[in-house]
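The values are calculated or read from the model by the stated rules, or taken from the named source; none is laboratory data. None of these values were measured; they are calculated from a predicted model. Because the Cβ atoms are built from the backbone with ideal geometry, glycine has one as well, and the counts that use them run over all protein chains shown. All accessible areas refer to the heavy atoms of the entire protein, side chains included, with ligands and DNA or RNA removed. Shrake-Rupley method; radii C 1.70, N 1.55, O 1.52, S 1.80 Å.
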Amino acid sequence: MSMPFTERLGALPLVDQHCHSVSGEDLDRAGLERYLTEAPSLGPTLSSFDTPLGVSIRRWCAPVLDLRPHAEADVYVARRHQLGADETNRRFLASAGVTDLCVDGGYGAEELIGPEALGQASASRVHEVLRLESLAESVARSCRPDEFASAFATILGQRGPAAVALKSVVAYRHGFAFRPEPPAPEEVSDAARRWWEEANTSGQWRLTDPVLLRFVLFTASQLGHRLQLHAGLGDPDLRLHRADPSLLADFVETIQPTGTTVILLHCWPYHRQAAYLAAVYPHVFVDVGLALNHVGPSAGTVLAEAMELAPYQKVMYSSDGFGLAELHYLGALRFRRALAGVLDRWVGAGEMSSDYAAWIAHTIGADTARRVYGLDKSSQP
Ligand SMILES: [Zn+2]
């Protein structure tokens, strides 16, 4: 009888195929709680420690700070403060057991440490994920509306290939029910003119125009690169039903000839829909990052649902950790425990051999991401 996976997978090497950097600040309780919820506010009487994620921090992260499991929130915050941000970050990032971090630096970069510091604190390789809408917004600030289309294509052609993936938040900005064809050039220049007029009035360069969002997505698809798409849960900037990845089927089919690989990120509660797309389209992959942290003790159920239908080589790991190094650590821990629980059940029920289950663990944990993102070709740390 071989050792159960719940014991074997504690050291399973992982590639975190989508995450963000961490704060370098010494956070107080309010600062910490802000990173534990997708809500702008939980209201005056609720604490984000009293959520599936918050209770998981007290249970699983407290021991990394030399506290007993289930330490009280105030005790936790005080100990974190005593150790300081650098030591806290180093402990959690190093304990995550992640060899490679694919980091989306296009959101909240001003409050987070830079890629070099993140690489040092985690002792992991750091790879860039380039966020398309942020790139479009920065291009727009420095050109005229009639120059936008060619300026964006040029910059993307220069910066895109250096990133391991491109990332889109069209789920937040419009949703997935967009016309699955590239807009005509005149539509793009008309939409760009409208965008400039509005931005010059409001001072805001947030890209929400569906024509321009389509332009950005189809221009990116022409590179034949890897395209990460945020799907499912997020903050209330999105409308959840429009972030259902099954709405993307036409787009996914349209761009298939370009050679673009589509990676659906997070996906809850549509992880079954995402797994279906991964099952029927060769160029679609899926993860349940972010969700595993936020559902806490239910992580095993969610991962099992994502693994109901998707081929095992179409599922990957990510934490979507943002701000708190705890989320990188806890994401990895939740994933290993959830995966081990699923595999122990299947092996115990005689569904597969222990060797085959071990292959699944390595495939989902790291091997598929290494292949999809070409990580073995990139430079060593
Ligand atoms: Zn993210």
Chain lengthening between residue 151 and residue 376 when straightened (0.36 nm per residue, less Cα-Cα): 77.8 nm
Binning at 5 angstrom from zero up to the longest distance, how are the C-alpha pair distances of segment 102-161 distributed in percent? 4, 17, 23, 19, 16, 11, 7, 3, 1
Quick check: at a probe of 1.4 Å, how many percent of the accessible area of segment 15-117 sits on carbon and sulfur atoms? 54
In percent, what relative contact order does the chain have, based on Cα pairs under 8 Å that are 6 or more apart in sequence? 22
Computed over the chain: longest principal axis from alpha-carbon atoms vs helix 210-221 long axis, angle to nearest 10 degrees, is 70
At each listed q (0.15, 0.26, 0.27 Å⁻¹), what is the log10 of I(q)/I(0) that the Debye formula gives for segment 328-381 modelled as equal alpha-carbon point scatterers? -0.53, -0.99, -1.02
For the chain, calculated [θ]222 nm from helices alone, where every DSSP H run of n ≥ 4 adds -39500 (n - 2.57): -13000 deg cm²/dmol
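Kirkwood Rh over alpha-carbon pairs of segment 137-289, then Stokes-Einstein at 25 °C and 0.890 mPa s: what D in µm² s⁻¹, rounded to an integer?
154
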Can you give the charge dipole size of segment 236-381 about its Cα centre, rounded to the nearest 20 debye, using +1 on the beta carbon of Lys and Arg and -1 on the beta carbon of Asp and Glu? 160
Segment 92-118-segment 163-217 distance, computed between alpha-carbon centres (Å): 28
Given that compact globular proteins tend to follow 2.2 N^0.38 Å, what is the ratio of the alpha-carbon Rg of segment 27-184 to that value? 1.32
Looking at segment 1-92, which GluC sites (Glu not before Pro) are DSSP coil and have at most 13 other C-beta atoms within 10 Å of their C-beta? 25, 72
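Relative to 2.2 N^0.38 Å, what does the C-alpha radius of gyration of the chain come to as a ratio? Two decimals please.
Ratio of Rg to 2.2 N^0.38 Å for the chain: 0.99.
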Per 10 angstrom bin, beginning at 0 and ending with the bin that holds the maximum distance, the Cα pairs of segment 1-96 fall in percents of 13, 42, 33, 10, 2, 0
Carbon-plus-sulfur fraction of the accessible area of segment 225-348, 1.4 Å probe, in percent? 51
Given charges of +1 on the Cβ of Lys and Arg and -1 on the Cβ of Asp and Glu, with all other atoms neutral, how large is the dipole of segment 70-218 about its Cα centre, in debye to the nearest 20? 260
Keeping all protein chains in place, calculate the accessible area per residue for the chain (probe 1.4 angstrom), answer in Å². 42
Over the C-alpha atoms of segment 225-304, what are the Rg and the largest Cα-to-Cα span, Dmax, in Å? 12.5, 41
Taking the chain as a Gaussian network, where each spring joins two C-alpha atoms under 10 Å apart, which residue of 90, 144, 337 fluctuates the most? 144
